[in-house]
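As structure tokens, the structure follows; a few thoughts come after it.
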């Protein structure tokens, strides 16, 4: 007769680390922007707010989830979203 084994419960400190959340950089080309507000209105993470000239200003860059809604719907192609590359040192670097 086979015994059923229950999954082991590990303490939170022994759990493997989750992958780090990807981060994204936003670039706004203000000379191209006509301040339509689409990026501000539809950003799910509220990364942008309207500045004094009603053009978008980045408020919380780390909140961006990389959905690209702002980039794809900008009628002036004034927003660019790129994945942030984090460089790690090699062990041989001094």
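Could you go through the range 36-54 and let me know if any residue there is within 19 Å of the chain's Cα centre (by Cα) and at pLDDT below 75. No; the residues of the range 36-54 include none that is within 19 Å of the chain's Cα centre (by Cα) and at pLDDT below 75.
Restricting attention to the range 76-94, the residues that are surrounded by 10 or more Cβ atoms within 10 Å (Cβ to Cβ) and either farther than 15 Å from residue 27 by Cβ or in contact with a strand residue (DSSP E or B) (Cβ under 7 Å, 6 or more places away or on another chain) (or both) add up to 7. Go through the range 70-80 and give me each residue that's out of contact with any helix residue (DSSP H, G or I) (no Cβ under 7 Å at 6 or more places or on another chain) and assigned to a helix (DSSP H, G or I). Result: 71, 72. Residues of the range 35-69 that are in contact with a helix residue (DSSP H, G or I) (Cβ under 9 Å, 6 or more places away or on another chain), part of a helix (DSSP H, G or I) and free of Cβ contacts under 8 Å to residues at least 40 places away in the same chain: 38, 40, 42, 69.
The values are calculated or read from the model by the stated rules, or taken from the named source; none is laboratory data. Bear in mind that the values here come from a model prediction, so they are computed numbers and not experimental data. Here Cβ is always computed from backbone atoms with ideal geometry, including for glycine, and neighbour counts include all displayed protein chains.
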